[in-house]
Amino acid sequence: MPKVRLTSGVELEFDSQANLLDALEQAKQPMNYQCREGFCGACRCTLVSGSIRYLYEPLAFVRKGEFLPCCSVPDSDIDIELP
Amino acid sequence: MAYTTFNRTINDQMKEPMFFGNPVNVSRYDQQKYPIFEKLIEKQLSFFWRPEEIDVSKDRIDYQNLPEHEKHIFISNLKYQTLLDSVQGRSPNVALLPLVSIPELETWIETWAFSETIHSRSYTHIVRNISSEPHKVFDDIMLNENIMERADDVTRYYDELIDSFNLYNLCGAGSHTVNGETKSVSLRDLKKKLYLCLLSVNVLEAIRFYVSFACSFAFAERELMEGNAKIIRLIARDEALHLTGTQHMLNILAAGEDDPEMGEIAKECQQDAIAIFQKAAEQEKAWAAYLFKDGSMIGLNKDILCQYVEYITNIRMQAIGLKSIYSTTQNPIPWINAWLVSDNVQVAPQEAEISSYLVGQIDNQVDTDEFDDFDL
């Protein structure tokens, strides 16, 4: 199970949740969200290290180094920063 | 070059910048410089809805029973939404279409503005239902100082761009005297006006609208005006897409690969950009004070709405690469998210508004063995 480490020190395991946003919410992280399908961009976070895989290509503008947890899963252990 | 509705110059559309290149000739989508705009069009089309689909009849009873100060909040909010969509239903077409040089962006702008006209029609649907004198509500929009004050800032950048482009289109770059007034215009100045206009559009869609959504959903949280909330939910889903479109335009321009001069202008305008966001946020706070002048409602008051303005302004600034300007980091009204989730828009599958619902999905692949147990 890939580990998800937050810059705040919180650490969680990605345990077959539908996507990273669900996993972070289950871990009681204060997440921004709106559409939950990759087009609004409200949930964007920074990917510090590791890699993620998109379940489908998001429509929202995603800057280099950022990703949308609502439509992605970790591909390895990852370090991320919430806005 | 001067605008023409069908540019006779044979050009490679893949090499045109988004704006201020050759006007578009053939509307073709077999090749796309920026496929994102085609994807946005498809998504927007899959969202199609009509106000008449939503039953707002219970809202009439709810509205009659609201205390006066809540009626003021509800109806003022609706008037403000009407103003915003009146502007958005026409301005992207009038201001941006003559400047566009790639077909997929041109069609996105048309699709975007069209969906705003549906929003405008839905406000009439709501107002007709809650009031026996809908004309009074609409007539007041033009007489209401608080709304008109907002209209100035919402429209100023569009109007300046249109005005300048008209002059440029007719007379070209330089200083021109028209009706005794001397104005100078240059392509660079037009590009700057366009960039500022897009920023102001982004502020309208990404901040101003959301402040109004918060008010609409605050009623529905108390199981009041739920028909209205259902409509606003569909509008919010559309707006999330529109603001993504505008963010893409802004980010592509700022990156400078599309048009290096635009990249420079975006850098130059950073302070202007921050000022546009800040001014809008302050105006929305003033609007919150006007809404709640006669009293708060359960779940929402002036202070909470102001905190939300700050929170949403920060998020929207970060999305286009600006630093946030307020210290608020927490959403003071987390319940709004549940109203903004696109697939919650849908409760019953037969209501046919699921965003993933595609029309005319037919499987054309039929194997011969499908007929194995078929006798004549």
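Using alpha carbons only, how many angstrom separate the centre of the range B:91-150 from the centre of the range B:278-323?
Going from one Cα centre to the other spans 22 Å.
Through the Karplus equation 6.51 cos²θ - 1.76 cosθ + 1.60, θ set to phi - 60°, convert the phi angles of the range A:27-34 into ³J(HN,Hα) values in whole Hz; use x for Gly and Pro.
For the range A:27-34, the Karplus-derived couplings read 8, 6, 7, x, 9, 7, 7, 9 Hz, x marking Gly and Pro.
Which shape class applies to the protein assembly as shown: rounded if a/c is under 1.5, otherwise prolate when a/b exceeds b/c and oblate if not, where a ≥ b ≥ c are the square roots of the Cα gyration tensor eigenvalues?
rounded
Any chance you could run the full-extension gain for B:LYS71 through B:MET142? It's 0.36 nm times the residue separation minus the Cα-Cα distance, nm to one decimal.
23.7 nm
What is chain B's relative contact order, in percent, from Cα pairs under 8 angstrom and six or more apart in sequence?
With pairs under 8 Å counted, the relative contact order is 19 percent.
In what sequence, highest mean first, do B:299-310, B:140-151 appear when ranked by Cβ atoms within 10 angstrom?
My ranking of the peptides, most packed first, is B:299-310, B:140-151.
For chain B, what is the mean residue ellipticity at 222 nm derived from helices alone (per DSSP H run of n ≥ 4: -39500 (n - 2.57); sum divided by total residues; nearest 500 deg cm²/dmol)?
-20000 deg cm²/dmol
If you filter the range B:195-252 for GluC sites (Glu not before Pro), then keep DSSP loop positions with at most 11 other Cβ within 10 Å, what is left?
B:GLU223
Please average, across the residues of B:234-243, the number of beta carbons from any other chain that are within 10 Å of each residue's own beta carbon, and give a whole number.
Counting Cβ atoms of other protein chains within 10 Å of each residue's Cβ and averaging gives 3.
Take A:SER76, project a point 7 Å from its Cα along the Cβ direction, then tell me which residues of the range A:45-69 have their backbone nitrogen under 13 Å from it.
A:48-53
For the range A:66-82, just list the computed ³J(HN,Hα) in residue order, Karplus coefficients 6.51, -1.76 and 1.60, θ = phi - 60°, integers in Hz, with x standing in for Gly and Pro.
My calculation for the range A:66-82 gives 9, 8, 9, x, 5, 10, 9, 10, x, 9, 7, 5, 10, 10, 9, 10, 7 Hz in order.
Could you state the number of Å between the C-alpha centres of the range B:225-273 and the range A:1-38?
Result: 26 Å between the Cα centres.
Any idea how far apart B:ASN169 and A:ASP15 come out in nm if each label point goes 7 Å out from Cα toward Cβ?
6.2 nm
Compute for the range B:163-307: radius of gyration divided by Kirkwood radius, i.e. Rg/Rh, restricted to C-alpha atoms, rounded to two decimals.
With Rh from the inverse mean 1/r over Cα pairs, Rg/Rh is 1.11.
Using only atoms on other chains, find how many Cβ atoms lie within 10 Å of each Cβ of peptide A:53-63 and report the average.
4
Non-local amide H neighbours of A:CYS43 (under 5 Å, H modeled in plane, Pro and chain starts lacking H): which ones?
For A:CYS43, whose amide H was placed from the backbone, the distant partners under 5 Å are A:GLN34.
Mind listing the long-range amide H neighbours of A:VAL48? Cut-off is under 5 Å, sequence gap 5 or more, other chains count too, H placed in the peptide plane at 1.01 Å from N.
Answer set, sorted by chain and number: A:ASP79, A:ILE80, A:GLU81.
Where the centroid of each part is defined by its Cα atoms, how far is the range A:48-83 from the range B:12-36 in Å?
Spelled out, the Cα-based centre of one part sits 30 Å from the other.
Count, for each residue of A:37-47, the Cβ atoms from other chains sitting within 10 Å of its Cβ, then give me the mean as a whole number.
Mean inter-chain Cβ contacts per residue within 10 Å come to 5.
Given axes a ≥ b ≥ c from the Cα gyration tensor, I'd like to know whether the range A:3-81 is rounded (a/c under 1.5), prolate (a/b larger than b/c) or oblate.
Cα axes put the range A:3-81 in the rounded bin.
Read phi for every residue in the range B:177-193 and hand back ³J(HN,Hα) as whole Hz from Karplus 6.51 cos²θ - 1.76 cosθ + 1.60, θ = phi - 60°, with x for Gly and Pro.
Coupling constants for the range B:177-193: 9, 10, 6, x, 10, 9, 10, 10, 9, 9, 4, 5, 5, 5, 4, 5, 4 Hz.
Which shape class applies to chain B: rounded if a/c is under 1.5, otherwise prolate when a/b exceeds b/c and oblate if not, where a ≥ b ≥ c are the square roots of the Cα gyration tensor eigenvalues?
Taking the square roots of the gyration eigenvalues as a ≥ b ≥ c, chain B is oblate.
At what distance in nm do the modelled label points of B:HIS135 and B:ILE298 sit from each other, each positioned 7 Å from its Cα along Cα→Cβ?
It is 3.8 nm.
Let me have the relative contact order for the range A:3-81, percent, based on Cα pairs under 8 Å that are six or more residues apart.
Normalised by residue count, the contact order of the range A:3-81 is 38 percent.
Report the full-extension gain for the segment B:TYR29 to B:ASP367: residue separation times 0.36 nm, less the Cα-Cα distance, to one decimal in nm.
Net length gain for the segment: 118.5 nm.
No value in this document is a laboratory result; all are computed from the given coordinates. Just so you know, these numbers come straight off a predicted model, no measurement behind them. Heads up, the Cβs are rebuilt from the backbone with ideal geometry, glycines too, and the neighbour counts pull from every protein chain shown.
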